[in-house]
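Have a look at the structure below before the remarks.
The values are calculated or read from the model by the stated rules, or taken from the named source; none is laboratory data. All values derive from a computational prediction rather than experimental measurement. Cβ placement follows ideal geometry from the backbone for every residue including glycine, while neighbour counts extend to all protein chains displayed.
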Amino acid sequence: MTPPLVSVVVPTHDRAPLLPRLLRSVLGQRDVELELLVVDDGSCDATAQVLARCDDPRLRVLRHATAQGVAAARNTGTRAARGRWVAWCDDDDVWAPTKLALQLQAVAASPGALWCNGGCAYVDPALELSRVRSCPDPRTVAQDMLHFNAVTGGGSGVLAERELVLSLGGFDTTFSMYADWDMWARLAQAAPLAVVDLPLVGYLQHAGGMSQRGLHLAFDELEDLQASLARLGARSGRPVALDRKGLGMWMLRQQTSAGRRRDNLVLPFRLLRAGCVTPARAVAYSLLTALTPALIEWRWASFWEVDPEPMAYADAWLEVLREQEREPRPPRRSAGVSAPPRPR
């Protein structure tokens, strides 16, 4: 049997209601030979039943008897993958139908590139678009990743050569919140990046996106992340200056999006202790996020572009997925969808 060109690895844990959408999105990729490895990380819900209903032969299901975390699940799938290239997708995100094809074209056209990232569209649970974020600058990404997470799409935006990922040790299982940042930073030091300057990932923002446990982990892992980035910087001779202010704004926005106003009263003071904000800003953020959360939403949105062309591009392929939501059908090998025209 000819191995697939791309192996898609999806870690999942107790997200059965989201899996049909995920399966349609990944198995609907156009113009690429792929396999899909879903790693069930100790789910206790109907995940097994949902996956069993998918009869597409490209789907392989791997299971952890007990939950080991997203990094371990990604590693399990990556080790079992048969493709030269591997791409990861979180179970609550979706892809443009030509994501993989465009990324493969990009690495083929970029000498030496062994991994690829594109832009990202931020969506709500109904797949309605709020904004987009551009791809990172391949010329500066190695330095940028030691300062902030320049890679878009969270754990769903990267395609990389499998052997390179394995040679770097895979995802660090000591991380939960920063496992993707740490992995992408190591890739950035190891090989050139190819980019697709189009929004290829629908990154879902919802109340379950950052739990209270996740927020605690974000703080608990912060010093370990700093240490990991410092080691990378020392080996490459690049300076490391973690953008704690930007990281603090991200945490505030995640909590605001989840509707946790009470938590936002105390979160800024945790950010103060972590060196992410000044005392004056801690007080201001505490009041603003609790009383007028829309201001935090506005402040965060100001970081991202509102260029109408990538917005229109993302909304076109998202509308295809929204139509599938309205008329669901089992994901099959022939379930490709036409790509919207590329903006010029």
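Please enumerate the residues belonging to the stretch 65-85 that are among the aliphatic types (A, V, I, L, M) and under 28 Å from residue 128 (Cα atoms).
70, the sole residue that qualifies.
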(request) Return the total of residues in the stretch 122-154 being among the polar types (S, T, N, Q) and surrounded by fewer than 17 Cβ atoms within 10 Å (Cβ to Cβ). (result) 2
(request) Filter the stretch 1-42 down to residues that are in contact with a Lys or Arg (Cβ under 7 Å, 6 or more places away or on another chain) and in contact (Cβ under 8 Å) with a residue 60 or more places away in the chain, then give me how many there are. (result) 9
(request) Take the residues in the stretch 107-121 that are of a type in the set (A, V, I, L, M) and buried (at least 22 other Cβ atoms within 10 Å of the Cβ), then tell me which one is modelled with the lowest pLDDT. (result) 121
(message) Here is a check on your reading of the model: is residue 32 crowded, with 22+ Cβ neighbours inside 10 Å and under 18 Å from residue 100 (Cβ atoms)?
(response) no
(message) Given the condition farther than 25 Å from residue 105 by Cα and either touching a His at 6+ places or on another chain (Cβ under 7 Å) or hydroxyl-bearing (Ser, Thr, Tyr) (or both), answer yes or no: does some residue in the stretch 6-18 qualify?
(response) yes
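Consider the stretch 161-172. How many of its residues are outside any loop (DSSP other than H, G, I, E, B) and surrounded by fewer than 18 Cβ atoms within 10 Å (Cβ to Cβ)?
So the answer is 4.
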(request) Mind counting the residues in the stretch 291-325 that are farther than 16 Å from residue 251 by Cα, modelled with pLDDT under 60 and among the β-branched types (Val, Ile, Thr)? (result) 0
(request) Check every one of the helices (runs of 4 or more DSSP H) wholly within the stretch 70-160 and list those with 3 or more residues that are over 28 Å from residue 242 (Cα atoms). (result) 70-80, 99-109
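Conditions tested, residue by residue: (1) over 17 Å from the mean Cα position of the chain (by Cα); (2) under 30 Å from residue 324 (Cα atoms).
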{"site": "109", "(1), (2)": "yes, no"}
{"site": "127", "(1), (2)": "no, yes"}
{"site": "182", "(1), (2)": "no, no"}
{"site": "197", "(1), (2)": "no, yes"}
(message) So if I check each of 56, 31, which one is part of a loop (DSSP other than H, G, I, E, B), charged (D, E, K, R) and closer than 27 Å to residue 193 by Cβ?
(response) 31
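Check 132, 123, 86, 94 and return the single one that is among the β-branched types (Val, Ile, Thr), farther than 22 Å from residue 318 by Cβ and touching a residue at least 24 places away in the same chain (Cβ under 8 Å).
Criteria check complete, one pass: 86.
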(message) When the residues of the stretch 199-250 are narrowed to those that are modelled with pLDDT of 90 or more, under 22 Å from residue 135 (Cβ atoms) and not assigned by TED's automatic domain parsing to the domain that holds residue 181, which ends up nearest to the chain's Cα centre (by Cα)?
(response) 229
